[in-house]
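Visitor: Mind having a look at this structure? Questions to follow.
Bear in mind that the values in this text are calculations on the coordinates, not laboratory data. None of these values were measured; they are calculated from a predicted model. Cβ atoms come from the backbone with ideal geometry, glycine included; neighbour counts cover every protein chain shown.
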Amino acid sequence: QVQLVESGGGLVQPGGSLRLSCAASGTTFTFYAMAWYRQAPGQQRELVATITTGGNTNYANSGKGRFTISRDSAENTVYLQMNSLGPEDTAIYYCNAKGLQQDYWGQGTQVTVSS
């Protein structure tokens, strides 16, 4: 059984920063990549960033230059450092783990960018 628990969301002013964390437990050795997605109200869930077990990263255009995904393999934790946040970044952010047979999802953490 796999469990993903996100933390680090909250309210931040425009231009501010947040660091999201995703702690994974269970059969994490089956993951070949982990990712962050987000879903704004009334919109579809969209990919934000991915990181493979080899450390390769990929970013959606919306986060390039502002967001950094990283991981601590020893702690089975993935992070998303978000800088220069704007109101358009307001969304629920979900942690995703890509397994050999299925994807796993966390419960999400709310990020609100507002003055």
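Visitor: If you go through region 67-81 one residue at a time, do you hit one that is aliphatic (A, V, I, L, M), under 15 Å from Gln110 (Cα atoms) and in contact (Cβ under 8 Å) with a residue 60 or more places away in the chain?
Guide: Pass one, region 67-81, residues aliphatic (A, V, I, L, M): 69, 74, 78, 80.
With the extra rule that they be under 15 Å from Gln110 (Cα atoms), the set shrinks to 80.
Now drop any that are not in contact (Cβ under 8 Å) with a residue 60 or more places away in the chain, which leaves 80.
Checking region 67-81: at least one residue is aliphatic (A, V, I, L, M), under 15 Å from Gln110 (Cα atoms) and in contact (Cβ under 8 Å) with a residue 60 or more places away in the chain.
Visitor: Given (1) touching a Ser or Thr at 6+ places or on another chain (Cβ under 8 Å); (2) part of a strand (DSSP E or B), identify the lone condition not met by Leu85.
Guide: (2)
Visitor: Continuing with this model, one more query. Taking region 65-82 on its own, how many of its residues are assigned to a strand (DSSP E or B) and either β-branched (Val, Ile, Thr) or surrounded by fewer than 21 Cβ atoms within 10 Å (Cβ to Cβ) (or both)? Can you show your working first?
Guide: At the first step, the residues of region 65-82 found to be assigned to a strand (DSSP E or B) are 67-72, 77-82.
Within this subset, residues satisfying the condition of being either β-branched (Val, Ile, Thr) or surrounded by fewer than 21 Cβ atoms within 10 Å (Cβ to Cβ) (or both) are 68-72, 77-79, 81.
Total satisfying the criteria: 9.
Visitor: Search region 4-26 for residues being polar (S, T, N, Q) and touching a residue at least 60 places away in the same chain (Cβ under 8 Å), and hand back the single one that is farthest from Val48 (Cα to Cα).
Guide: Residues of region 4-26 polar (S, T, N, Q): 7, 13, 17, 21, 25.
Now restrict to residues that are touching a residue at least 60 places away in the same chain (Cβ under 8 Å): 7, 13, 17.
On the way: Ser7: 16, Gln13: 20, Ser17: 16 Å.
It comes out as Gln13.
Visitor: Here's a check for you: in region 88-115, which residue that is assigned to a strand (DSSP E or B) and polar (S, T, N, Q) is surrounded by the most Cβ atoms within 10 Å (Cβ to Cβ)? Step through it out loud before you land on a result.
Guide: Pass one, region 88-115, residues assigned to a strand (DSSP E or B): 91-99, 103-105, 109-113.
Right, trim to polar (S, T, N, Q) and you get 96, 109-110, 112.
Numbers: Asn96: 21, Thr109: 23, Gln110: 12, Thr112: 15.
Once the filter is applied, the top-ranked residue is Thr109.
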